[in-house]
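Values quoted throughout were computed directly from the atomic coordinates according to the rules given, and no laboratory measurement underlies them. As the structure is a prediction and not an experimental result, all values here were calculated from the model. Cβ coordinates were reconstructed from backbone atoms using ideal geometry, including for glycine residues, and neighbour counts include every protein chain displayed.
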Amino acid sequence: MVVITLQREKCIGCNYCAEFSPEYFRMSKKDGKSVLLRSTEKKGFHIVKTPLNDAYEPNKKAADACPVKIITVKDV
Ligand code: SF4
């Protein structure tokens with residue numbers, strides 16, 4: 001199980017996550033911030049849990065590239 005989280009409010013809209021992991025991240029046309037697709041929100045954290053192991057690699061790249069470090073990826 002791969003768990004991805006995004007602390008969306010702190011996003012500065014650089015677009016790196018959407019480039020590295022387009023199946024999980026899109027930039028919002030409304031506010032210019034990143035959207036974690038199919039996520040649920042809890043206290044400002046947007047969360048996706050997926051059984052797909054190939055979700056780890058691209059999202060880890062997105063997390064490493066994020067300049068404000070608001071993405072986490074865990075293989076649990
Ligand atoms: S990499 Fe980080 S700051 Fe840049 S758009 Fe994605 S979440 Fe926002």
Query - Whole-number D in µm² s⁻¹ for the chain, Kirkwood Cα-pair radius fed into Stokes-Einstein, 10 °C, 1.306 mPa s - result: 133 µm²/s
Report summary line: Taking r as the C-beta separation of THR50 and GLN7 and R0 as 22 Å, the FRET efficiency to the nearest 0.05 is 0.75
Requested in this report: May I ask which of LYS10/LYS60; LYS30/LYS74; LYS29/LYS74 have a Cα-Cα span longer than 21 Å here?
Outcome: LYS30/LYS74; LYS29/LYS74
Report summary line: Most packed first (mean Cβ within 10 Å per residue), the peptides 40-47, 3-10 order as 3-10, 40-47
